[in-house]
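The next block holds one structure in the form of structure tokens; read it before the comments.
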Amino acid sequence: MKRIALIEGDGVGKEVVPAARRVLDAVGAPFEYVALEAGWQVFIRTGNALPQVTIDTLRTCDGALLGAVNSPSHRVDGYSSPVVALRTLLDLYANLRPIISAPVAASRPNINLLIVRENTECLYVKQEWLENDGNTAVAQRIITRHASERIARSAFAAASNRARHTRESGKLPRVTVVHKANVLSVSDGLFRSACMDVAQEFSQIEVEEQLVDSMAYRLILEPERYDVVVAPNLYGDILSDAAAALVGGLGLAPSANMGDDFVLAEPVHGSAPDIAGKGIANPTATILAAALLLDALGLPTPAGRIRHAVDAALRTSTLTRDLGGSASTCDFTNAVIAHLA
Ligand code: NAI
Ligand code: MG
């Protein structure tokens with residue numbers, strides 16, 4: 001039995017995590033669950049968005065599935081995103097975001113890429129302050145050789161693992177290093193050179209580099225050509241939301257925050273306040289995040305069954321509204337479970 005934390009969080013997190021839990025139960029995942037709190041609602045109630053009991057209990061778990069949390073866009077004293085904090089506290093340094101064509105009208109075909117986003121530094125160290133009587137805002141951006149080499153190794157290792165699939169589709173395994181070292185020659189320059197050094201250890205994997213702005217352009221223009229894409233935190237965050245739009249939208253995109261001995265899986269999307277509480281959120285991203293959790297815990301068979309069932313359910317007309325249908329979260333989850341049989 002693996003011990004898994006379920007953190008629903010806020011908004012649609014409260015709908016999509018229970019849906020994914022039903023699928024995990026139906027596939028017979030050898031998990032025991034512990035429910036934990038984090039996010040805006042627990043902050044309003046207790047003044048703490050990430051209660052100590054959540055952190056302490058997570059350290060006793062093998063992994064976690066998180067829905068999403070609300071984070072206000074203005075500064076609120078005492079509040080800071082628990083998701084960013086958890087990634088740092090548990091040293092979940094690699095954020096893996098697979099972007100794969102789905103059998104829905106909104107998805108373009110022949111896309112199968114993996115965005116490997118550095119998850120612990122860059123601008124997300126959140127060291128910001130005001131100067132000049134509040135008229136100048138300064139943010140510190142930290143890039144270390146250690147974190148850059150570590151994320152590069154995750155990316156090249158992932159490309160090696162994907163190599164068989166990549167070759168079957170007639171492509172060479174390849175890592176694309178994303179940066180903006182032409183402008184940020186010191187910080188992105190360090191990220192770039194760390195990645196290029198690690199590339200030497202993986203001679204069977206092709207390496208290329210792409211400036212982040214032209215990467216955004218080429219990702220939309222010819223997403224089929226990419227295999228593994230590695231990027232510093234902020235660029236990886238932005239590119240993965242954009243890439244999700246190519247394959248059916250945020251309702252379908254899962255992610256896994258990986259450390260050396262812990263995995264926190266979550267959908268790429270946020271708490272979707274515009275649709276929360278209506279029972280219409282697409283649970284697919286979270287169900288596929290549950291499959292990533294199974295994979296990371298060495299359970300590829302149930303993970304594969306879940307992907308298969310999601311694929312089959314997406315081919316029917318039982319689709320949620322984001323995909324042009326009228327099914328509820330519950331209807332679609334039932335369809336996935338029916339296809340597990
Ligand atoms: P969002 O991802 O919550 O929503 C963007 C758009 O996608 C909305 O139109 C929403 O309805 C749609 N969408 C998202 N998930 C969906 C689903 N499962 N099914 C159908 N449609 C879905 O991004 P937004 O609106 O920028 O942020 C809302 C809140 O979420 C903010 O407070 C933000 O801070 C937070 N957030 C939290 C994240 C996390 O917990 N990891 C990640 C991103 C945002
Ligand atoms: Mg994001």
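Being more than 10 Å from ligand 1 (Cβ to nearest atom), among the aliphatic types (A, V, I, L, M) and open to solvent by less than 30 Å² (accessible area, probe 1.4 Å) is the filter here, so list the residues in segment 229-263 that pass it.
V229, V230, A231, L239, A243, L246, V247, A256, V263
Give me the pairs, please: first residue somewhere in segment 307-330 and free of Cβ contacts under 8 Å to residues at least 24 places away in the same chain, second residue anywhere and among the charged types (D, E, K, R), beta-carbon distance under 9 Å, and either six or more positions apart or on two chains.
The qualifying pairs are T318/D331; G325/D331; A327/R321.
Here is a check on your reading of the model: is V212 at pLDDT 95 or above, of a type in the set (V, I, T) and farther than 16 Å from F156 by Cα? Spell out how you get there, then give the answer.
Details: at pLDDT 95 or above: yes; of a type in the set (V, I, T): yes; farther than 16 Å from F156 by Cα: yes.
Spelling it out, V212 is indeed at pLDDT 95 or above, of a type in the set (V, I, T) and farther than 16 Å from F156 by Cα.
Restricting segment 69-121 to residues that are in contact with a strand residue (DSSP E or B) (Cβ under 6 Å, 6 or more places away or on another chain) and part of a loop (DSSP other than H, G, I, E, B), which is farthest from G11 (Cα to Cα)?
That would be I111.
Collect the residues in segment 6-35 that are away from ligand 2 (no atom under 16 Å from the Cβ) and in contact with an Asp or Glu (Cβ under 9 Å, 6 or more places away or on another chain), keeping them in residue-number order.
Just the residues of segment 6-35 that are away from ligand 2 (no atom under 16 Å from the Cβ), to begin with: 6-8, 14-15, 17-35.
Within segment 6-35, I7, E8, K14, E15, V17, P18, F31, A35 meet the criteria.
Looking only at segment 163-192, how many residues end up being open to solvent by less than 40 Å² (accessible area, probe 1.4 Å) and assigned to a helix (DSSP H, G or I)?
6
Among the candidates L123, L130, L113, L65, which residue alone is crowded, with 19+ Cβ neighbours inside 10 Å and assigned by TED's automatic domain parsing to the domain that holds E209?
Working: L123 fails: crowded, with 19+ Cβ neighbours inside 10 Å; L130 fails: crowded, with 19+ Cβ neighbours inside 10 Å; L65 fails: assigned by TED's automatic domain parsing to the domain that holds E209.
Going through L123, L130, L113, L65 in turn, just one is crowded, with 19+ Cβ neighbours inside 10 Å and assigned by TED's automatic domain parsing to the domain that holds E209: L113.
Taking interchain pairs and intrachain pairs at least six residues apart, which have beta carbon atoms under 8 angstrom, with the first residue in segment 169-195 and more than 18 Å from L239 (Cα to Cα) and at pLDDT below 95 and the second among the small types (G, A, S) and surrounded by fewer than 21 Cβ atoms within 10 Å (Cβ to Cβ)?
So the pair list comes out as P173/S160; P173/A163.
Any chance you could count how many residues in segment 263-291 are within 16 Å of ligand 2 (Cβ to nearest atom), assigned to a helix (DSSP H, G or I) and in contact with a Gly (Cβ under 7 Å, 6 or more places away or on another chain)?
Final tally of qualifying residues: 2.
The values are calculated or read from the model by the stated rules, or taken from the named source; none is laboratory data. Just so it is clear, the structure is predicted and the values come from calculations on it, not from any experiment. All Cβ positions, glycine included, derive from the backbone under ideal geometry; neighbour counts span all protein chains shown. Surface areas here come from the heavy atoms of the whole protein model, side chains and all, with no ligands, DNA or RNA. Shrake-Rupley method; radii C 1.70, N 1.55, O 1.52, S 1.80 Å.
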